[in-house]
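Participant: Handing you this structure, nothing more for now.
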Amino acid sequence: DGGITQSPKYLFRKEGQNVTLSCEQNLNHDAMYWYRQDPGQGLRLIYYSQIVNDFQKGDIAEGYSVSREKKESFPLTVTSAQKNPTAFYLCASRLDRGPNNEQFFGPGTRLTVL
Amino acid sequence: KNQVEQSPQSLIILEGKNCTLQCNYTVSPFSNLRWYKQDTGRGPVSLTIMTFSENTKSNGRYTATLDADTKQSSLHITASQLSDSASYICVVRDDNAGNNRKLIWGLGTSLAVNP
């Protein structure tokens, strides 16, 4: 899992509540990413940030929000507008120096909305 | 149709045996192809990254090959161990600026190594 931490590992929330997932990295990486993983589907990109105070929508950004106030932190908020929030959420970071640098992933947070 | 197709979907082998996983893709142009290993309930871990000009890359008992002409890649695992039980995911980096040069993820091959 490198130097990326995600907390908590398991999270339960009631329907209609917003919830924020934490992602911290101490690798001094420029870029950070949030993915969602569902059974039978490949990883899907929610949001990404290539630099502090800037972020871009991925393929499935609706119902999610992010912030990048510090280089090492990229929290993801799952809002009540996300219609099917139960999933495994993965945060990743990358040293943004060209296309061939690998992404390092955190251990993931499994969110269950009851 | 997914731009990155992997086969087989699942595979069971005995400890000590070799196996080969396949990845076919239609992404074009692409800048690199990656193989990741993902243990159940954990984040993916990078095994290899190959640029479009590379044919093979090894990482211990893992050897990846790439044929950019036929748009095929394989991951060969030698002398399998119980700890190799995981999902193996093929990922291709789309080099189209209009697609934000994003990663296209396959669905993975689930490998079980039995004693």
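The values are calculated or read from the model by the stated rules, or taken from the named source; none is laboratory data. It should be emphasised that the depicted structure is a prediction, and the values quoted were computed from it without experimental measurement. Every residue, glycine among them, receives a Cβ derived from its backbone with ideal geometry; neighbour counts consider all protein chains shown.
Participant: Pick from A:S73, A:S49: which is more than 12 Å from every other protein chain (Cβ to nearest Cβ), out of contact with any Cys (no Cβ under 8 Å at 6 or more places or on another chain) and of a type in the set (S, T, Y)?
Facilitator: Numbers: A:S73 fails: out of contact with any Cys (no Cβ under 8 Å at 6 or more places or on another chain).
When all the criteria are applied, what remains is A:S49.
Participant: Continuing with this model, one more query. Considering each of A:R44, A:R36, A:R94, A:R110 in turn, give the residue that is facing chain B (nearest Cβ under 9 Å), among the basic types (K, R) and touching a residue at least 40 places away in the same chain (Cβ under 8 Å).
Facilitator: Working: A:R44 fails: touching a residue at least 40 places away in the same chain (Cβ under 8 Å); A:R36 fails: facing chain B (nearest Cβ under 9 Å); A:R94 fails: facing chain B (nearest Cβ under 9 Å).
Of the residues listed, the single one that is facing chain B (nearest Cβ under 9 Å), among the basic types (K, R) and touching a residue at least 40 places away in the same chain (Cβ under 8 Å) is A:R110.
Participant: Within the range B:1-19, take every residue that is within 14 Å of chain A (Cβ to nearest Cβ) and not acidic (D, E) and give me the one that is farthest from B:D94 (Cα to Cα). Let's see the steps before the verdict.
Facilitator: Narrowing the range B:1-19 to residues within 14 Å of chain A (Cβ to nearest Cβ): B:1-6, B:9-10.
Now restrict to residues that are not acidic (D, E): B:1-4, B:6, B:9-10.
On the way: B:K1: 16, B:N2: 13, B:Q3: 10, B:V4: 11, B:Q6: 17, B:Q9: 23, B:S10: 26 Å.
Among them, the one singled out is B:S10.
Participant: For a quick check of your reading of the model, give me the residue pairs whose first member lies in the range B:20-49 and is farther than 14 Å from B:D69 by Cα and without any contact (Cβ under 8 Å) to a residue 12 or more places away in the chain, whose second is small (G, A, S) and assigned to a strand (DSSP E or B), with beta-carbon atoms closer than 8 Å and at least 6 apart or on different chains.
Facilitator: Cβ pairs passing all conditions: B:G43/A:A92.
Participant: Just to be sure before I move on: is A:Q41 under 17 Å from B:W105 (Cα atoms), in a loop (DSSP other than H, G, I, E, B) and polar (S, T, N, Q) in the structure I sent?
Facilitator: Details: under 17 Å from B:W105 (Cα atoms): yes; in a loop (DSSP other than H, G, I, E, B): yes; polar (S, T, N, Q): yes.
Against the criterion (under 17 Å from B:W105 (Cα atoms), in a loop (DSSP other than H, G, I, E, B) and polar (S, T, N, Q)), A:Q41 qualifies.
Participant: Search the range A:76-91 for residues being assigned to a loop (DSSP other than H, G, I, E, B) and closer than 20 Å to B:G43 by Cβ, and hand back the single one that is farthest from the other protein chains (Cβ to nearest Cβ). Let's see the steps before the verdict.
Facilitator: First pass over the range A:76-91, keeping only residues assigned to a loop (DSSP other than H, G, I, E, B): A:79-86.
Remaining after also requiring closer than 20 Å to B:G43 by Cβ: A:85-86.
Numbers: A:P85: 18, A:T86: 15 Å.
Across the range A:76-91, the extreme among qualifying residues is A:P85.
Participant: For the range B:50-79, name all the residues that are free of Cβ contacts under 8 Å to residues at least 60 places away in the same chain, β-branched (V, I, T) and under 21 Å from B:I13 (Cβ atoms).
Facilitator: Step one: of the range B:50-79, the residues free of Cβ contacts under 8 Å to residues at least 60 places away in the same chain are B:50-77.
When the remaining residues are screened for being β-branched (V, I, T), the result is B:51, B:56, B:63, B:65, B:70, B:77.
Residues satisfying the conditions are B:T63, B:T65, B:I77.
Participant: Restricted to the range B:56-105, and to residues that are touching an Asp or Glu at 6+ places or on another chain (Cβ under 7 Å) and either surrounded by 16 or more Cβ atoms within 10 Å (Cβ to Cβ) or within 12 Å of chain A (Cβ to nearest Cβ) (or both), which residue is modelled with the lowest pLDDT?
Facilitator: Only one residue tops the list, namely B:R101.
Participant: Same structure, new question: Residue under question is B:L111, and the condition is that it be away from chain A (no Cβ under 14 Å), of a type outside the set (D, E), in contact (Cβ under 8 Å) with a residue 24 or more places away in the chain and closer than 29 Å to A:I46 by Cβ; does it hold?
Facilitator: Values: away from chain A (no Cβ under 14 Å): yes; of a type outside the set (D, E): yes; in contact (Cβ under 8 Å) with a residue 24 or more places away in the chain: yes; closer than 29 Å to A:I46 by Cβ: yes.
Yes.
Participant: Right, something else. Can you name every residue in the range B:8-26 that is surrounded by fewer than 19 Cβ atoms within 10 Å (Cβ to Cβ) and more than 11 Å from B:L111 (Cα to Cα)?
Facilitator: Within the range B:8-26, B:E15, B:G16, B:K17, B:N18, B:Q22, B:N24, B:T26 qualify.
Participant: Continuing with this model, one more query. Give the residues of the range A:66-84 that are within 10 Å of the chain's Cα centre (by Cα) and not aliphatic (A, V, I, L, M), sorted by residue number.
Facilitator: A:F74, A:P75, A:T77
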